[in-house]
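Structure first, then comments.
The values are calculated or read from the model by the stated rules, or taken from the named source; none is laboratory data. Since the structure is predicted, the reported quantities are computational estimates derived from the model, not experimental observations. Methodologically, a virtual Cβ is constructed for each residue, glycine included, from the backbone with ideal geometry; neighbour enumeration extends over all protein chains shown. Areas reflect the complete protein model, heavy atoms only, side chains present, ligands, DNA and RNA absent. Shrake-Rupley method; radii C 1.70, N 1.55, O 1.52, S 1.80 Å.
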Amino acid sequence: MKIQEADAKSLLLAQGLPVPAWEVARTTVEVRAAAERTMAAGATQVVIKAQVLVGGRGKAGGVKLAASADEAEAVASTILGMEIKGIRVRKVLVAAAADIVKEYYLSAVLDRSARRILLMGSADGGVEIEQVAVETPEAITRLHADPYLGLLDHQARRLAFALELGGHWKAGAAIAKGLVRTMLAYDADLVEINPLAVVREQDGAATSGSRERLVCLDAKVTLDDSALVRHPDLEALRDSDEEDPADREAREAGISFIKLDGTIGCMVNGAGLAMTTMDLVKRAGGDPANFLDLGGGARADKRAAAMRLILADPKVEAILVNIFGGITRGDEVAHGLIEARSRQTRDVPMIVRIVGTNAEEAGRLLREASFETAASLDEAATKAVAAARGATA
Ligand code: GDP
Ligand code: MN
């Protein structure tokens, strides 16, 4: 689950990381008020940042500075309502504009194949790290943290020195350790600070001028969906404004659904069986349109939701239903499918394989309703691929 920058910053703050204060505003009037408060607290400029779950907001014109409350309001009117990568901006973050000395990149990501947390740091921050990775990969320092030990002191120091933070190395090492703590505390699979920045702070009344500080200016955190059960409080950070409608329907129905690029919709009970079904579709020369696991004891409403999800994809040319009846009774599934098809807006060939409890009864019902049935999964896959070819030909 992706969360907004402002929420990501709250998590970082809770882990003791240095994040400049901010407010979130949803209207130009709220932005003006936030800007007034921020400037009353000593800021000479404010930064207004679109809160959307995509990167590259700066380039898209979603990050702007303003030198007065009037200007903040005007800038907000251009950002609120704009679209960034197809997503409408409904809220912005307002903060004192940082006086940036230099930008760095620092991130922690779950490296499944290494079973470690991978830390990446670069003195080339602010820009797109993907570009750095391609053009000057040596400019990125990588190291792995053990999930049980966290980031060790010597590793944190190594990263800080690689970033050439100079006098800020201690702060840098502490932030690197904080990133790993954040990963572990919330079961995040990504914590990215781009830019991590050395900023000049005005010393208020002091005549000595300014001092510098290392802060997290931007924050991107994604949480492991499978671990959210352990963090019921984090569920509140889900931004349903931006959730894909299909993902939402699947989540609310309790279905595991992942959209793919092929033409054969798959409706299966059991994750392992769903994987096998996809493999056999591939082997028969087709391409699955989705991964779909109804879960155990799938009831009629779940199956109807699954059918809607599959048919919502215009690329789907055939549907392969593969049900292993244990607790789920085959005849009940058959009745459900017959009813679902009668309400279906698009006529897509359906190939059904049901085995297990009441399978014979299911087969009889389906054949009577002139459904295509299959006795084996191989046969079902072959028929589904042929049906999809027939539809496209
Ligand atoms: P992103 O484009 O979505 O990654 O958004 P960022 O928060 O990283 O902002 C993009 C760029 O805007 C940063 O790399 C900075 O150069 C600039 N920026 C962001 N916040 C401030 C700020 O407070 N002051 C100044 N001067 N520039 C900022
Ligand atoms: Mn950024």
Open item on the list: Can you say whether Val19 is assigned to a loop (DSSP other than H, G, I, E, B), within 16 Å of ligand 2 (Cβ to nearest atom) and in contact with a Lys or Arg (Cβ under 9 Å, 6 or more places away or on another chain), as far as the supplied structure shows?
Closed with: yes
Task: So Lys59, is it open to solvent by 20 Å² or more (accessible area, probe 1.4 Å), within 15 Å of ligand 1 (Cβ to nearest atom), over 19 Å from Asp241 (Cβ atoms) and within 21 Å of the chain's Cα centre (by Cα) - done: yes
- [ ] State whether one or more residues within the range 275-286 are surrounded by fewer than 17 Cβ atoms within 10 Å (Cβ to Cβ), within 22 Å of Ile87 (Cβ to Cβ) and out of contact with any strand residue (DSSP E or B) (no Cβ under 9 Å at 6 or more places or on another chain).
- [x] no
Open item on the list: Among the numbered criteria (1) more than 17 Å from Ile129 (Cα to Cα); (2) in contact (Cβ under 8 Å) with a residue 60 or more places away in the chain; (3) assigned by TED's automatic domain parsing to the domain that holds Asp146, which one does Leu93 miss?
Closed with: (3)
- [ ] Look through Ala171, Ala160, Ala98 and report the one residue that is within 16 Å of ligand 2 (Cβ to nearest atom) and either small (Gly, Ala, Ser) or under 22 Å from Asp7 (Cβ atoms) (or both).
- [x] Ala98
TODO: Go through (1) in contact (Cβ under 8 Å) with a residue 12 or more places away in the chain; (2) open to solvent by 50 Å² or more (accessible area, probe 1.4 Å); (3) out of contact with any strand residue (DSSP E or B) (no Cβ under 7 Å at 6 or more places or on another chain) and name the single condition Glu23 misses.
DONE: (3)
